[in-house]
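First comes the structure, then the notes that go with it.
The values are calculated or read from the model by the stated rules, or taken from the named source; none is laboratory data. Small disclaimer: the values here were computed from a predicted structure and weren't measured. So basically every Cβ, Gly included, is an ideal-geometry build from the backbone, and we count neighbours across all protein chains shown. For accessibility, only protein heavy atoms count, side chains too; no ligands or nucleic acids. Shrake-Rupley method; radii C 1.70, N 1.55, O 1.52, S 1.80 Å.
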Amino acid sequence: MEYYLTKHANHRMIERGISIQLLNKALQNPTEILYDGNGRELYKYIYIKRNEKRLLIVVVISEKTKLKVITVIDTSKIRKYI
């Protein structure tokens, strides 16, 4: 799946220590995909970091040929978001 990052998404990935590999896993094999009513898709991916379950939320807008990654959120509050 082709995608590109906005400056904001790139900044958040650096700030939160999220790798491109983890982002690729979330987009290729999400645990859940939701739609927010504003044309955005929320790819949710559960993963393990330092022996703790975490949730990566990738907010995207589908364009004609690519996904535009708006932001990424990393949280331990899985039950709140799934």
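Observations on the model:
- Lysine pair number, Cα distance threshold 24 Å (strictly under), the chain, separation 8 or more or different chains: 23
- Between helix 7-16 and the chain there is an angle of about 10 degrees, using the helix long axis and the longest principal axis of the Cα atoms.
- Once each of the GluC sites (Glu not before Pro) sitting in a DSSP loop with at most 15 other beta-carbon atoms within 10 Å is removed, the chain keeps 3-62 as its longest stretch.
- Carbon + sulfur, % of accessible area of the chain - ligands and nucleic acids excluded, 1.4 Å: 48
- Sorting Ile33, Ile57, Ile48 by solvent-accessible area of protein heavy atoms yields Ile48, Ile33, Ile57, largest first, with a 1.4 Å probe.
- Ordered by solvent-accessible area of protein heavy atoms (1.4 Å probe), largest first, the residues Leu34, Leu42 come out as Leu34, Leu42.
- Each helix, a run of at least 4 DSSP H residues, gives -39500 (n - 2.57); summed and divided by the residues of the chain, these come to -7500 deg cm²/dmol at 222 nm.
- Summed over the residues of the chain and divided among them, the accessible surface reaches 67 Å² per residue at a probe radius of 1.4 Å.
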